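Visitor: First the structure, then my questions, so here it is.
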Amino acid sequence: MKKNPIICILAAIFAMLLVANAAVAAPEKAAEVAPLKILILGGTGFIGPWEVEAALAHGHEVTLFNRGKSGKGLFPDLEKLKGDRDPDKDTGLSALEGRKFDVVIDNSGYYPRHVKASAELLAPNVGHYIYISSVSAYASTAVEGQDETAALATMEDPTVEEMGAGWENYGPLKALCEQAALAAMPGRVTIVRPGYIVGPGDHTHRFTYWPLRIREGGEVAVPGGPDDPIQVIDARDLTRWIIHMAEQNITGVFNGCGPEGGMTMAEVVETTRAALGSDAKFTWLGTAYDEAHPDAYFPIWTPYEGDYKGFHTFDISNSVQAGLTFRPLQETVVDLLAQFDSLPAEKITEVMAGIPVAGEAEMVAAAKKP
């Protein structure tokens with residue numbers, strides 16, 4: 001069978017990034033940690049490969065379970081089980097029947113029926129279930145500093161299995177998935193609720209906008225104000241922490257955001273400018289810019305007001321206490337651009353088509369008017 005050259009290139013790029021970042025992406029192995037048998041449900045998306053790398057760096061045995069439709073060039077030496085999260089579709093979860101693992105990391109559970117089926121099937125033969133949720137599981141982002149005890153989102157019909165036109169069901173479904181895992185394996189579950197995950201391998205290229213635009217230089221439009229809070233976490237920091245919690249059998253619910261001590265939008269753009277040696281100049285737009293440009297979308301940032309005032313302010317003190325650490329933002333920026341610059345030309349062209357945000361020059365001019 002002829003190999004897809006783009007997949008081969010991406011696999012080679014990711015392999016180089018894994019080697020280059022292995023020393024940073026995985027902390028030193030904790031003393032006297034016995035090798036674990038780890039099952040990853042998914043494992044070929046954004047954070048999955050970094051989880052694999054962190055686990056392998058610590059001597060653990062990793063098995064992947066997925067449909068086999070993506071990341072075919074990754075980790076050729078790992079055991080791969082083919083199936084579907086929906087137990088009623090094709091072979092479903094049959095490949096997992098009777099298999100024993102120390103830890104399961106669930107990256108791909110989006111519907112509670114699917115999570116319930118996998119957690120209940122594996123419960124007799126697994127000691128620890130780690131479910132990757134989202135801060136979208138919270139009922140509100142209007143309140144600042146929410147910890148893991150904040151109210152969760154709900155939906156009128158919990159049997160719905162679609163995200164909705166505006167993905168309005170994503171958060172409530174994640175909350176229901178958490179509950180399904182906890183019910184199936186009480187006392188043996190870890191829930192991780194990340195916010196924006198960034199860094200090499202991010203196929204959404206949301207955060208990538210800022211390093212790319214700032215590298216271009218000139219007058220850069222920045223929404224909001226310099227003190228607006230921002231929470232992002234490098235995928236490598238998130239995943240090495242997940243493996244740490246697997247090794248230490250840490251259970252409970254944790255906000256997977258960062259960095260410790262908080263960060264502002266000014267720190268994001270100024271740190272990026274310094275890391276890249278750019279001549280960019282920043283014009284702060286406030287929040288009224290969208291009156292004339294309602295379709296202008298600046299990624300990562302959300303207004304520090306109203307319904308979104310708490311979005312980038314989740315309390316991560318419990319996570320830090322449980323071992324979550326963070327690399328400098330400039331390292332994420334440099335590594336992210338190195339990976340982006342190695343992508344196939346057509347992908348680079350596709351992403352760059354959205355940079356700068358349409359109408360940027362007009363927004364900058366309007367913001368400078370007395």
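FYI, it's all coordinate maths here, none of it is from the lab. Just so it is clear, the model here is predicted, and its values are computed rather than measured. So basically every Cβ, Gly included, is an ideal-geometry build from the backbone, and we count neighbours across all protein chains shown.
Visitor: Under the rule that an exposed site lies in a DSSP loop and has at most 15 other Cβ atoms within 10 Å, name the longest stretch of the chain with no GluC sites (Glu not before Pro) of that kind, not counting the sites themselves.
Guide: The longest uninterrupted stretch comes out as 169-259.
Visitor: Mind listing which chymotrypsin sites (Phe, Trp or Tyr not before Pro) in region 285-370 are in a DSSP loop and have 15 or fewer other Cβ atoms within 10 Å?
Guide: Answer by residue number: Tyr297.
Visitor: Next question. Using unit Cβ charges (K, R positive; D, E negative) and no other charged atoms, how large, in debye to the nearest 20, is the dipole of the chain about its Cα centre?
Guide: Here the chain has a charge dipole of around 1100 debye.
Visitor: A follow-up question, please. Treat each spin label as a single point 7 Å out from the Cα along the C-beta direction, and report the Ala34 to Tyr110 distance in nm.
Guide: Between Ala34 and Tyr110, the simple spin-label model gives 3.8 nm.
Visitor: Under 18 Å between alpha carbons, and skipping anything fewer than 8 positions from Lys72 in its own chain: which aspartates and glutamates qualify?
Guide: Partners found: Glu51, Glu53, Asp84, Asp202.
Visitor: For the chain, what does -39500 (n - 2.57) per DSSP helix run (n ≥ 4), summed and divided by total residues, give at 222 nm, in deg cm²/dmol to the nearest 500?
Guide: Calculated mean residue ellipticity at 222 nm is -10500 deg cm²/dmol.
Visitor: Given a cut-off of 28 Å, name the pairs among Lys69/Lys174; Lys174/Lys281; Lys174/Lys347 whose C-alpha atoms lie farther apart than that in the structure shown.
Guide: Exceeds cut-off: Lys174/Lys281; Lys174/Lys347.
Visitor: Name the chymotrypsin sites (Phe, Trp or Tyr not before Pro) in region 160-263 that are in a loop by DSSP and that have at most 13 other C-beta atoms within 10 Å, would you?
Guide: Those satisfying the criteria are Trp167.
Visitor: Tell me, what is the FRET efficiency for Glu291 and Asp86 to the nearest 0.05, using R0 = 56 angstrom and their Cβ-Cβ distance as r?
Guide: Result of the calculation: an efficiency of 0.80.
Visitor: Based only on the alpha carbon positions, what is the Kirkwood hydrodynamic radius of the chain, in angstrom?
Guide: Radius from the Kirkwood sum: 21.7 Å.
Visitor: Among the lysines, which have Cα under 17 Å from the Cα of Lys37 when same-chain residues fewer than 8 positions away are ignored?
Guide: Those lysines meeting the cut-off are Lys29, Lys80, Lys100.
Visitor: Here's another thing I want to ask about it. In the chain, what % of DSSP beta bridges are antiparallel (nearest 5)?
Guide: Of the beta bridges lying entirely in the chain, close to 10 percent run antiparallel.
Visitor: Give me a comma-separated list of calculated 3J(HN,Hα) values for region 78-90, in order, Karplus coefficients 6.51, -1.76, 1.60 applied at θ = phi - 60°, integers in Hz, x for any Gly or Pro.
Guide: 7, 6, 10, 9, 9, x, 9, 5, 7, x, 9, 10, 6
Visitor: How high is the relative contact order of region 174-241? Use alpha-carbon pairs under 8 Å, at least six apart in sequence, and give a whole percent.
Guide: 42
Visitor: Give the separation of the Cα centroids, region 257-278 to region 46-87, in Å.
Guide: After rounding, the separation between the Cα centres reads 32 Å.
Visitor: Take Val143 and Tyr170, extend 7 Å from each Cα along the Cα→Cβ direction, and tell me the distance between the two endpoints in nm.
Guide: Here the modelled spin labels are 2.3 nm apart.
Visitor: Where in the chain is the longest stretch that carries no trypsin sites (Lys or Arg not before Pro) classed as loop by DSSP and with at most 10 other Cβ atoms within 10 Å?
Guide: Between the exposed loop sites, the longest stretch runs 70-370.
Visitor: What is the gain in length, in nm to one decimal, between Ala361 and Lys100 on full extension, counting 0.36 nm per residue of separation less the C-alpha to C-alpha distance?
Guide: The Ala361-Lys100 span can extend by a further 88.1 nm.
Visitor: Note down the relative contact order for region 35-146 as a percent, whole number, built from C-alpha pairs under 8 angstrom at least six residues apart.
Guide: Relative contact order of region 35-146: 25 percent.
Visitor: Additional query: Residue separation times 0.36 nm, minus the C-alpha to C-alpha distance between Asp157 and Asn318: what's the value?
Guide: Length gained between Asp157 and Asn318: 54.8 nm.
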